[in-house]
Amino acid sequence: MQLEHYPHHPWKIIEEGWLAENVESSESIFSLGNGAMGQRANFEEDYSGATFQGSYVGGVYYPDKTKVGWWKNGYPEYFAKVLNAPNWIGIHITIEGENFDLAKAKEIKNYCRELDMQTGLYSRDFTAVLDNGLEITVNSKRFLSLVRPELGVIDYSIKANKDIQIGIIPYLDAVISNQDSNWDDQFWAVDQAWAKGNQAYIEAHTLKTNFSVGTFMEATVWDNNQAIATQKTTTEDKKVSVSFDYQLTAGNTLRIAKLGGYISSRNHPKEALEQQALKVLSEAKKHSFDALYQEQKAAWKEVWKSGDIAIEGDVKAQQAIRFNIFQLNQTYTGEDAGLNIGPKGFTGEKYGGSTYWDTEAYCIPFYMATKNQKVARNLLTYRYLQLDRAIENAEKLGFKKGAALYPMVTMNGEECHNEWEITFEEIHRNSAIAFAIFNYTRYTGDHSYIPEMGLEVLIGIARFWAQRASYSSVKQQYVILGVTGPNEYENNVNNNWYTNYSAQWCLNYTAKIIEELCDNSPEEAARIEAKTAFETTELEQWKKTAALMYLPEDKNLNVVLQQDGFLDKEMIKVADLDPKERPINQHWSWDRILRSPYIKQADVLQGMYFFEDQFEEDTLRRNFDFYEPFTVHESSLSPCVHSILAAKLGKQDQAYAFYLRTARLDLDDYNAEVEEGLHITSMAGTWMSIVEGFAGMRVKENMLSFRPALPKAWEKIAFKINFRNRIYTISIGQGEFQCQVEGEEETTLQLNGNKQVFKQEIRLDL
Ligand code: BGC
């Protein structure tokens, strides 16, 4: 897709002009979701050009049998994938008996797509000129309801410049597959399919996992407000439709309202699905499209009320951050601890809709600060509910006694990844899960999560690290051998600093939590110790392993070492590479990448970001200045961490450049792959780049602390933060800081290291 394809607008994403080669990219960009289901921006009418069909139901997956060239013991048997679900949006249209298909139109005029992020409405307008000279004008609008999570709504209008015979055939279609299927398996088996009157229903279950999903619809058609009756219904094995045949007068508007969506056995008993679908329809059809849209608008207004970031003076940046916030809210709403945030959300198949360490490392801060704290707690609970599986996963690899290794990729807690260097070696993911517990507790002040759930998780993780570290008699220290750090451009390295440091931190943190709990709530401590068969000797072992953890460093350069032997590489900086060879992952052999010093994403710097209180600013500066020049940022997760650290180090121009790269990654398609779906998890990193980066927000001594440094291009930013159940409205200009807090209570915050005490509102010069 061409860069800067979508014009800058503070609240909208707009595509003007028809470009067939952009259809798949825009299908990603204009995707809709409501936390429970998602839909790529596929056309309602048929389209025979290149398209990537995608309809997804949260948490409904299929275990696709693993496909690898050479099997290794410990590989998971399957890769769980969120499935392409039966299509509910389709409206087959015939004009004078011919199929209406934009790929076959002679010309497409006034083509425009629009996504209104303020209200969650997606619309599309165009006039298609057909071979016979007929001009067909379409306006379609749709949204996935935030208020009724099982419902989607379409309002499709069509008119012609001459009298025409038109067929309108709204349908449901279960003839679907995943593009990324390993063995071309059938994922769904249809149990029933019917069409009656203007309604239709398909109930299908997923093979192997046995989720049942009812896909439903109801269609109503009007000619200039005059309702038209259905002529016939068609029921095939996997496709059902209702049809309206009509003589449409030139200039009249035929309007089709299609209500549809999914009911899943994750939320209802299987035998009640059909009844539930009919209930959703009968409730929805009491309201007009406009009334349902008013509900939608009000729900999005609430989302923006606590989650918006307003940027004055830079529309490009403004549009980008709103796009990121909008997509995060479409992906995860936080009511269901069984759901999580896939790196592509509901916008594509890559990464299988599964959960990665991205959630803990990148997403939790966003949900913690912009939502009720239950939302972040649900994200933590997701891992707690999967603890037994993490223990089984570690057992499969030879670990014992309740050691837990959380999966790199998972849907139900079992590992799904099957590249040995990641599955077995990218074990740092365990630390992010422990860090998230610490981060949640620090931010929310909710100390109940740890005794209720968190400590069991921490014990499992600490046991893993204690067993995974081995004692080197040469070094007389503990080492962690054969790992892959966050930088996946190095595999099977020894003593990745980030892994060792974070393992040491997990061991110390867990030991501290246990000791505190024993002092403060001995009964709770005894209950958890009994449940986890914890022995005091473990505590001693953890402390000893942590104290003797080997952390590689280079005394001459005065930096920590990404891993043993890092400096033996040919240290040519990224800036000196031939730009034609970038991105290196598309131009170089894997072996050349592995031997090179190039860093895919923050690795050492990820550690200095997480554990920043442990490092002096000078240490951070030296390590940033050393590692960033070797970083190729070929993971979408990379620029945001670098932006935050650059802002902290006063490198404003660099911070801003990284910000634009993370924020507009999809809108401007920097990685030339947006057609595969959006980078949802990195979008949370974009939010962090503003709040933690430019506003410099942290939690210190149980209060919010700010160290603002806005990019020169920005006049002002304003955002809201839910901190400990109070809403803070922060506004930062080039020379001014302002904070309003609801309620009468006194508030203390820190600005540039100084404590400020106030009620309701404070304004300070910067
Ligand atoms: C990154 C991982 C990340 C995954 C999913 C990879 O490219 O290197 O850190 O977990 O993408 O976003």
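The values are calculated or read from the model by the stated rules, or taken from the named source; none is laboratory data. For clarity, every value in this text was computed on a predicted model and none was experimentally measured. Positions of Cβ are backbone-derived with ideal geometry, glycine not excepted, and every protein chain shown enters the neighbour counts. The accessibility values were calculated without ligands, DNA or RNA, using every heavy atom of the protein model including side chains. Shrake-Rupley method; radii C 1.70, N 1.55, O 1.52, S 1.80 Å.
So which residues in the range 543-580 are open to solvent by 80 Å² or more (accessible area, probe 1.4 Å), free of Cβ contacts under 8 Å to residues at least 40 places away in the same chain and part of a loop (DSSP other than H, G, I, E, B), if there are any at all? Hits for the range 543-580 are Lys555, Asn556, Glu570. Within the range 492-500, is there a residue that is surrounded by 24 or more Cβ atoms within 10 Å (Cβ to Cβ), under 30 Å from Val375 (Cα atoms) and at pLDDT 95 or above? So far as the range 492-500 goes, yes, one or more of its residues are surrounded by 24 or more Cβ atoms within 10 Å (Cβ to Cβ), under 30 Å from Val375 (Cα atoms) and at pLDDT 95 or above.
Scan the range 623-651 residue by residue and report those that are assigned to a helix (DSSP H, G or I) and open to solvent by 40 Å² or more (accessible area, probe 1.4 Å).
Taking the range 623-651 first, the residues assigned to a helix (DSSP H, G or I) are 623-630, 638-648.
Selection gives Asp625, Lys648.
Take the conditions touching a residue at least 12 places away in the same chain (Cβ under 8 Å), closer than 18 Å to Trp222 by Cβ and either among the acidic types (Asp, Glu) or in contact with a strand residue (DSSP E or B) (Cβ under 7 Å, 6 or more places away or on another chain) (or both) and apply them to Phe323. Does it pass? Considered against the rule, which asks whether it is touching a residue at least 12 places away in the same chain (Cβ under 8 Å), closer than 18 Å to Trp222 by Cβ and either among the acidic types (Asp, Glu) or in contact with a strand residue (DSSP E or B) (Cβ under 7 Å, 6 or more places away or on another chain) (or both), Phe323 comes out as no. The residue of the range 394-427 that is farthest from the ligand (Cβ to nearest atom), among those that are assigned to a loop (DSSP other than H, G, I, E, B) and among the β-branched types (Val, Ile, Thr), is Ile427.
Of all residues in the range 313-328, those that are open to solvent by 10 Å² or more (accessible area, probe 1.4 Å) and either assigned to a loop (DSSP other than H, G, I, E, B) or within 25 Å of Gln53 (Cβ to Cβ) (or both) total 2. Pairs meeting the criteria (first residue in the range 348-372 and within 10 Å of the ligand (Cβ to nearest atom), second residue in a strand (DSSP E or B) and at pLDDT below 95, beta carbons under 7 Å, at least 6 apart or on different chains) are Ser354/Ala80. Inclusion of Glu529 among residues that are of a type outside the set (Gly, Ala, Ser), at pLDDT 95 or above and either open to solvent by 60 Å² or more (accessible area, probe 1.4 Å) or in a loop (DSSP other than H, G, I, E, B) (or both) is not warranted.
Go through (1) in contact (Cβ under 8 Å) with a residue 40 or more places away in the chain; (2) open to solvent by 10 Å² or more (accessible area, probe 1.4 Å); (3) of a type in the set (A, V, I, L, M); (4) in a strand (DSSP E or B) one by one and return the number of the condition Leu764 breaks. Of everything listed in (1) in contact (Cβ under 8 Å) with a residue 40 or more places away in the chain; (2) open to solvent by 10 Å² or more (accessible area, probe 1.4 Å); (3) of a type in the set (A, V, I, L, M); (4) in a strand (DSSP E or B), Leu764 misses just condition (1). Against the criterion of being modelled with pLDDT of 95 or more and either surrounded by 18 or more Cβ atoms within 10 Å (Cβ to Cβ) or under 16 Å from Leu561 (Cα atoms) (or both), Asn508 does not qualify. For the range 597-622, filtering for residues that are away from the ligand (no atom under 16 Å from the Cβ) and not in a helix (DSSP H, G or I) leaves 4. Residues in the range 11-49 that are touching a strand residue (DSSP E or B) at 6+ places or on another chain (Cβ under 6 Å), of a type in the set (Phe, Trp, Tyr) and more than 21 Å from Tyr156 (Cα to Cα): there are none.
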